[in-house]
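J.: Below: one structure in structure tokens.
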Amino acid sequence: MKREYDIAACSGKAIEVLAGQRIEVIDLEGGQVVDFFAENLREPEEFLSPGVTIDCNESLRLRVGDLLYSTRYRPMFQILADTVGEHDLLHPCCRKEMYDFFYHNGSGHPNCLDNINQCLGESRPVIHPVNLFMHTRIKPNGDIAVLRPLSRPGDQIVLEAKMDVRLGVAACSVAESDCNAGRCTPIKVILED
């Protein structure tokens, strides 16, 4: 069985996924970052952790075959396919305060923290998602730079759920920088048994 979810630009959606199901995340128009967050379906205090994923994989990069881990060091997802190969494990969700800090326009600005919290019915103060398709360059001196995503129209990543989860997925709302190639566009998620 296949289910498709269209996520409009600058919005989010909650999706329940059972262990063994495949999740295909598609950048429809190219250059769009996807904030990908998940929590254990029955115990939401266990959730996806980019930090633990870095620790377990001993890498700042994600590759086909890698596992994404929860805050309890348990596998939540495995990457089955990836046409881009460039994702970010460092940045938290954009939020009002971030827009105020960098662009002085946070009031009323759509943001991924609010979008994911709203779709999950929660109020987490900070969410660290896996930022699919986000292109962050780490320089030898430790500085970082956010560059235009490498994803093109139709590019995708496919993951298999390793536990029952509830996803909170957002099409990132940053149009002020190269993060989303200067514009925000929709994404699609396909769930398949």
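The values are calculated or read from the model by the stated rules, or taken from the named source; none is laboratory data. Just so we're clear, the structure is a prediction, and the values are computed from it rather than from any experiment. A quick note on method: Cβ atoms are made from the backbone with ideal geometry, for glycine too, and the neighbour counts reach across all protein chains shown. Areas reflect the complete protein model, heavy atoms only, side chains present, ligands, DNA and RNA absent. Shrake-Rupley method; radii C 1.70, N 1.55, O 1.52, S 1.80 Å.
J.: Output the relative contact order of the chain, whole-number percent, from Cα pairs under 8 angstrom with separation of 6+ residues.
T.: RCO, the chain: 45 percent.
J.: If you take the square roots of the eigenvalues of the alpha-carbon gyration tensor of the range 34-81 and sort them as a ≥ b ≥ c, do you get rounded (a/c under 1.5), prolate (a/b over b/c) or oblate?
T.: The shape class here is prolate.
J.: Another question about this same structure. Let me check against my output: what whole-number percent is the relative contact order of the range 1-107, with C-alpha pairs under 8 Å and at least 6 apart?
T.: It rounds to 16 percent for the range 1-107.
J.: Taking square-rooted eigenvalues a ≥ b ≥ c of the alpha carbon gyration tensor, is the chain rounded, prolate or oblate, where a/c under 1.5 means rounded and, failing that, a/b exceeding b/c means prolate?
T.: Since a/c stays below 1.5, the shape of the chain is classed as rounded.
J.: With the other protein chains left in place, how much accessible area per residue, in square angstrom, belongs to the chain at a 1.4 angstrom probe?
T.: 45
J.: Placing unit charges on C-beta atoms (Lys and Arg positive, Asp and Glu negative, everything else neutral), compute the dipole magnitude of the chain about its Cα centre in debye, rounded to 20.
T.: So the dipole magnitude of the chain works out to roughly 140 debye.
J.: A follow-up question, please. Residues with beta-carbon under 11 Å from that of Arg72, excluding Arg72: net charge, scoring Lys, Arg +1 and Asp, Glu -1?
T.: In short, -2.
J.: Taking the Cβ-Cβ separation of Arg183 and Arg3 as r and a Förster radius of 25 Å, what is the calculated FRET efficiency to the nearest 0.05?
T.: That pair, Arg183 with Arg3, gives E of 0.35.
J.: Go ahead and run the numbers for FRET between Asn105 and Asp143, Cβ-Cβ distance against an R0 of 22 Å, rounding to 0.05.
T.: Given R0 = 22 Å and the Cβ-Cβ separation, E is 0.35.
J.: Take the chain, connect every pair of alpha-carbon atoms lying under 10 Å apart with a spring to form a Gaussian network, then pick out the residue of Gly168, Gly154, Gly85 with the largest mean-square fluctuation.
T.: With Cα springs under 10 Å in the chain, the top fluctuation among Gly168, Gly154, Gly85 is at Gly154.
J.: Follow-up. Tell me, for the chain, which Cys residues have no other cysteine's C-beta sitting closer than 4.7 Å.
T.: Result for the chain is Cys10, Cys56, Cys94, Cys119, Cys172, Cys179, Cys184, no neighbouring Cys Cβ within the cutoff.
J.: With springs connecting C-alpha atoms under 10 Å apart, model the chain as a Gaussian network and identify which of Asn105, Asn117, Asn40 has the largest mean-square fluctuation.
T.: Looking only at Asn105, Asn117, Asn40, the largest GNM fluctuation is found for Asn105.
J.: Separate question: In the range 42-117, what GluC sites (Glu not before Pro) fall in a loop by DSSP, with at most 13 other Cβ atoms inside 10 Å?
T.: Glu45, Glu58
J.: Same structure, new question: Compute the length gained on full extension between Arg74 and Asp55: take 0.36 nm times their separation in residues and subtract their Cα-Cα distance, giving the result in nm to one decimal.
T.: Full extension from Arg74 to Asp55 adds 5.6 nm.
J.: According to the square roots a ≥ b ≥ c of the eigenvalues of the Cα gyration tensor, what is the shape class of the range 80-143, taking rounded for a/c under 1.5, prolate for a/b larger than b/c otherwise, and oblate for the remainder?
T.: In terms of gyration-tensor shape, oblate.
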